[in-house]
1. Relative to the longest principal axis of the C-alpha atoms of the chain, give the angle of the C-alpha long axis of helix 111-128, reported between 0 and 90° and rounded to the nearest 10°.
2. Could the peptides 251-257, 198-204 be put in order, highest first, of the mean number of other beta-carbon atoms found within 10 Å of their residues?
3. For residue 96 and residue 220 in the same chain, what is the full-extension length gain: residue separation times 0.36 nm, less their Cα-Cα distance, in nm?
4. Quote the FRET efficiency, to the nearest 0.05, computed for residue 186 versus residue 132 with a Förster distance R0 of 45 Å and r equal to the Cβ-Cβ distance.
5. Which whole-Hz couplings ³J(HN,Hα) result when phi for each residue of region 262-276 is put into the Karplus expression 6.51 cos²θ - 1.76 cosθ + 1.60, θ = phi - 60°, listed in order with x for Gly and Pro?
6. Would you mind telling me the share, in percent, of accessible area of region 130-196 contributed by carbon and sulfur at probe 1.4 angstrom?
7. Return the FRET efficiency for the residue pair residue 140, residue 165: r is the Cβ-Cβ distance, R0 is 45 Å, and the value is rounded to the nearest 0.05.
8. Can you compute the modelled spin-label distance between residue 195 and residue 259, with each label point 7 Å from Cα toward Cβ, in nm?
Amino acid sequence: MATAMAATAAERAVLEEEFRWLLHAEVHAVLRQLQDILKEASLRFTLPGSGTEGPAKQENFILGSCGTDQVKGVLTLQGDALSQADVNLKMPRNSQLLHFAFREDKQWKLQQIQDARNHVSQAIYLLSNRDESYQFKTGAEVLKLMDAVMLQLTRARNRLTTPATLTLPEIAASGLTRMFAPTLPSDLLVNVYINLNKLCLTVYQLHVLQPTSTKNFRPSGGAVLHSPGAMFEWGSQRLEVSHVHKVECVIPWLNDALVYFTVSLQLCQQLKDKISVFSSYWSYRPF
């Protein structure tokens, strides 16, 4: 009995020593690694070569789609804003070519990119508050920090992977349609959003539902991408989507950022798992 108790005490002493090493050494090694990765992610959002002062570098991206050539154009991205959009639309019925571009005095803020960058900055701030001189006293303290960092990283990733669902009236009221010169025809709506590592542009062609129409009017709800046949009311008119044209372009640095988010989340989870393993060795709460 005494031998068994001694063995148990010795085993506990070894585990406690390992746990102290984990708290005092390995945790900080992981935090340094996380900060390095997230600083790289943050650099992607500020764009290489832009520096810390002055306007962000402009990047031009050609819009394309494997399914249609009805819409062609170039989008100019400057940090978290579209500084220019030059779009050509071939009308399906008469093949008329429409050309429209941003007014020179206008930029369109991409809230998804701005939000993702802010969440990365918040994660870096949380990590930097626990520098090498800080001594973690309990495992619960580490778990709490990891949960807070993972929450920011998950929110950053979700802002890029989950575009907002908008109703057609919300798209009509967003102001993007009024960014163009010449003014867009009243039967066109435009939406721009980020989906994963792609910048997407959607053009909706509309037609008015006449009061004599026999169609059952059912306003559509929110969606990332509306389909032909979707209906909505705008002003005194009832409208229906007749054609939908979606084109997109890949933003390489967004792909880099998403990879950094995934790697960072994995590191956080691995550290949490190591901390939690020790909880199975004690019946009380040592951390």
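The values are calculated or read from the model by the stated rules, or taken from the named source; none is laboratory data. Model, not experiment: these values are computed from the prediction. Methodologically, a virtual Cβ is constructed for each residue, glycine included, from the backbone with ideal geometry; neighbour enumeration extends over all protein chains shown. To get the accessible areas, we keep the full protein, side chains included, count just its heavy atoms, and leave off ligands, DNA and RNA. Shrake-Rupley method; radii C 1.70, N 1.55, O 1.52, S 1.80 Å.
1. So the helix axis and the longest Cα principal axis differ by about 10 degrees.
2. Going by the mean number of other Cβ atoms within 10 Å, highest first, we get 198-204, 251-257.
3. Length difference between fully extended and current span is 41.8 nm.
4. FRET efficiency, residue 186 to residue 132: 0.15.
5. After applying 6.51 cos²θ - 1.76 cosθ + 1.60, I find 5, 4, 5, 4, 5, 4, 4, 5, 4, 5, 4, 5, 5, 4, 5 Hz.
6. Heavy-atom surface of region 130-196 belonging to carbon and sulfur, 1.4 Å probe: 56 percent.
7. Calculated transfer efficiency: 0.75.
8. Going by the 7 Å Cα→Cβ label model, 2.3 nm.
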